[in-house]
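So the structure is just underneath, and the comments pick up after that.
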Amino acid sequence: MSFIIGITIILGTTMFFSLDLTNAHSNSFLCTNFIRRKTIFVDEKFHFHGGPKKHHHKSHDKANTNFKSWNFRPPHEHHHHRVIVVHGVINIIGWGILLPIGVIIARYYKRHPMKCEEWYSLHVITKVIGYIFGTIGWGLGMSTRNSTKYQHTMMSTHGIIGTIIFIFTTIQVLAICLQPNEESVYRKYWVIYHNIFGYALLILIIVNIFQGIEKEKSRHIWKCSYIVIVNIMGLIALVLEFLPCFNIIKN
């Protein structure tokens, strides 16, 4: 029950901050458009009522300079930025939350005292759903790169690590289907490989999410949000790790 509550809190926190960030970007765009139109309207009204016309071009140049400094985005750039935000949110949910939850289930819910008979099914379902989310997010990230002026330049470190994560996760999902039987002599080697790949992926995922966050202008909010999520998952794992020790001392 505590694990389910923890998952709910994590997903709720992610959705709250993602909606808040999306609304903030939308409001910023609408506000910038409103101010721009209002300034042009006041400027035209001033000249219509007989204001000094000799400064007409200067006033417009000054207004345009101010809007450039306010980082005004045209509609197509705003849409591009929204796609990047959605890419980040989906990847945080898929790679950054569901995959680590799958690892927690596999590590702690197949043994006493948190033993669950359905742990393997939960582990696979969580991994597959996380893989689907992550793949969609990775595809969105690649599409935004291909539709911008950077499509002919070298891929960024964030993009390279993201592609490695996608390939490794695909291998992990396929490995579930190709795993040897319990009686097979190769079973123990498969388990070692699967565990090493899984933990290596967790490190790469967390590093790459923070790498992507650094590209955002509102990076402070994103970073604080994901730090909270990672801390919650870390706390859950820590409690589950030492829970058997508490039971031994109690007994």
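The values are calculated or read from the model by the stated rules, or taken from the named source; none is laboratory data. Being a predicted model, the structure only gives us computed values, none of them experimental. All Cβ positions, even for glycine, are placed from backbone atoms using ideal geometry, and neighbour counts span all protein chains on display. Quick note on the areas: whole protein, heavy atoms, side chains included, nothing else; ligands and nucleic acids left out. Shrake-Rupley method; radii C 1.70, N 1.55, O 1.52, S 1.80 Å.
When 159, 137, 130 are screened for being of a type outside the set (A, V, I, L, M) and closer than 19 Å to residue 237 by Cα, only 130 passes.
For segment 100-120, a tally of residues being of a type outside the set (Val, Ile, Thr) and closer than 22 Å to residue 173 by Cβ returns 11. Within segment 168-189, residues that are farther than 22 Å from residue 138 by Cβ have Cβ atoms under 9 Å from residues that are among the polar types (S, T, N, Q) and surrounded by 10 or more Cβ atoms within 10 Å (Cβ to Cβ) in these pairs: 187/179, counting only partners at least 6 apart in sequence or on another chain. It is to be established whether one or more residues within segment 194-216 are open to solvent by 30 Å² or more (accessible area, probe 1.4 Å) and either charged (D, E, K, R) or not in a helix (DSSP H, G or I) (or both). Yes, that holds for at least one residue. On the stretch given as segment 177-192, residues that are open to solvent by less than 60 Å² (accessible area, probe 1.4 Å) and in a helix (DSSP H, G or I) total 3. Would you mind stating whether residue 174 is within 20 Å of residue 127 (Cα to Cα) and part of a helix (DSSP H, G or I)? For residue 174, the condition - within 20 Å of residue 127 (Cα to Cα) and part of a helix (DSSP H, G or I) - is met. Remark: pairs (first residue in segment 125-141, of a type in the set (Lys, Arg); second residue surrounded by 18 or more Cβ atoms within 10 Å (Cβ to Cβ); Cβ separation under 7 Å; 6+ apart in sequence or on different chains) = 127/99; 127/102. Within segment 120-138, the set of residues being out of contact with any helix residue (DSSP H, G or I) (no Cβ under 6 Å at 6 or more places or on another chain), over 21 Å from residue 167 (Cβ atoms) and either open to solvent by 60 Å² or more (accessible area, probe 1.4 Å) or modelled with pLDDT under 90 (or both) comprises 120, 125.
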